[in-house]
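K.L.:
First the structure, then my questions, so here it is.
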Amino acid sequence: MATLSAYSPPWPNANPNGNLLSPEDAAEGLESVSQSQSYDSLSSIMPQDHLTDQLTPVNPTPSYSAPVSVSVSSPPESTSAPATVSLLHVSFNQDFGCFAAATDHGFRIYNCDPFREIFRRDFDRGGGGIGVVEMLFRCNILALVGGGSDPQYPPNKVMIWDDHQSRCIGELSFRSEVRSVKLRRDRIIVVLEQKIFVYNFADLKLLHQIETIANPKGLCAVSQGAGSLVLVCPGLQKGQVRVEHYASKRTKFIMAHDSRIACFALTQDGQLLATASTKGTLVRIFNTADGTLLQEVRRGADRAEIYSLAFSSTAQWLAVSSDKGTVHVFSLKINPGSPVTDKSRNTPDHNAAVTSPSSSLSFFKASIDVSLTQ
């Protein structure tokens, strides 16, 4: 079941130039959330098989533990030994201008360029462990999921956190653990191991439900272009990805690999999709509109676990990180309408056993070498 506490619709619009999350330096253009309004249950307009995820009003003063300490920017120097903090999750915001780090005590926000810590919130009661943190550009709204050995919230709930009010203003509850969360200005996407739920951000109305193959890593990618939502997730078969074009109401299935999907990435406009399998030797780039294979690049000859894929803002470059302790950067000589094939195109990608899922942050443990492939 999904529940929503009192809040004032619509959600605040993100201002990429604002000062992140600081109540006293609130970003210009954010709408006021001081006035609240309760929402009634939406069960009457939702399919009956979705009643486990319906909306019902909750107490405007939630019972979960409230934070008791906040430090903005870098924490002050202390003569005492710093407490040990475990890193549980890292995610970029939608424009890649900053990223959030979830720890066993709370979360921290960092600016990318120049690099610096700009905000942190530590939960001193109720556990404090945050397993997933997802930002909404640079505004005060975040999505949190409990994690670690002593979670702040149940791992089967998505908590919508408003840092201006210093409390959760809504929650989505599920029957199984939440693997990941993706945010847009107009949508919340919640990924479970074998299902994905798409909600309207304004009222948390359930809009779409997708079934997937087992997805323990919570793989999912969404475009950020206004009015053109493209969602990519694993399909129902090994090596298959599913592409949902919500503007045109089309679904495209792409058999990307023979092995299971290990990782994928989507460009901001949703036109290009990069995929890697559990074998980890080849990366393929597809046109999401028709599923055309546009380019194929080779990361290496040895089996590797791909941790992440990332397009540059212009889709000219593709970065690939793996458990080999390296980051490969490939030059992409393609556009969505013109197939171009790398010389490794004819190399087969044979079935590979699924590797044990591990932290997507493991590459931080090794020194990173960068190879530039033209």
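The values are calculated or read from the model by the stated rules, or taken from the named source; none is laboratory data. Keep in mind the model is a prediction, meaning the values are calculated, not measured. Heads up, the Cβs are rebuilt from the backbone with ideal geometry, glycines too, and the neighbour counts pull from every protein chain shown. Ligands, DNA and RNA are stripped out before the accessible areas are found, and what is left, the full protein with its side chains, is counted by its heavy atoms. Shrake-Rupley method; radii C 1.70, N 1.55, O 1.52, S 1.80 Å.
K.L.:
With Kirkwood's inverse mean 1/r over C-alpha pairs for Rh, give me the Rg to Rh ratio of region 217-335, two decimals please.
P.N.:
Taking Rg over the Kirkwood Rh, I get 0.94.
K.L.:
Sort 204-210, 239-245 for me by packing, meaning the mean count of neighbouring Cβ atoms within 10 Å per residue, highest on top.
P.N.:
Ranking, from highest mean packing down: 239-245, 204-210.
K.L.:
Please work out whether region 84-211 counts as rounded, prolate or oblate from its C-alpha gyration tensor, where a ≥ b ≥ c are the square roots of the eigenvalues and a/c under 1.5 means rounded, while otherwise a/b larger than b/c means prolate and anything else oblate?
P.N.:
Taking the square roots of the gyration eigenvalues as a ≥ b ≥ c, region 84-211 is oblate.
K.L.:
Using a 1.4 Å probe on the protein chains only, how many percent of the accessible area of region 84-211 belongs to carbon and sulfur?
P.N.:
Ligands and nucleic acids excluded, carbon and sulfur give 45 percent.
K.L.:
Between Leu282 and residues 5 or more places away or on another chain, which pairs have amide H atoms under 5 Å apart, with H built 1.01 Å from N, and which residues are they?
P.N.:
Residues meeting the criterion, in which the H sits 1.01 Å from N, are Ser277, Arg299.
K.L.:
Over region 217-335, how many pairs of lysines fall under 28 Å by alpha carbon, counting only those 8 or more apart in sequence or from different chains?
P.N.:
14
K.L.:
Taking the Cβ of Leu231 as the centre, find all other residues whose Cβ is under 14 Å away and add up their charges (Lys, Arg: +1; Asp, Glu: -1).
P.N.:
Net of charged neighbours comes to +4.
K.L.:
So which chymotrypsin sites (Phe, Trp or Tyr not before Pro) in region 181-230 pass both tests, a DSSP loop state and at most 15 other Cβ atoms within 10 Å of the Cβ?
P.N.:
Nothing satisfies the criteria.
K.L.:
Averaged per residue, what accessible surface does region 84-211 expose to a 1.4 Å probe, in Å²?
P.N.:
Here the per-residue accessible area is 35 Å².
K.L.:
Take peptides 258-264, 326-332 and line them up by average Cβ neighbours within 10 Å, highest first, as a rough protection proxy.
P.N.:
258-264, 326-332
K.L.:
Could you pull out the chymotrypsin sites (Phe, Trp or Tyr not before Pro) across region 108-171 that fall in loop regions by DSSP (anything but H, G, I, E, B) with no more than 16 other Cβ atoms inside 10 Å?
P.N.:
Of the chymotrypsin sites (Phe, Trp or Tyr not before Pro), the ones in loops of region 108-171 whose Cβ has at most 16 other Cβ atoms within 10 Å are Phe115.
K.L.:
Once you keep just the Cα pairs under 8 angstrom separated by 6 or more residues, what percentage relative contact order results for region 217-335?
P.N.:
17 percent
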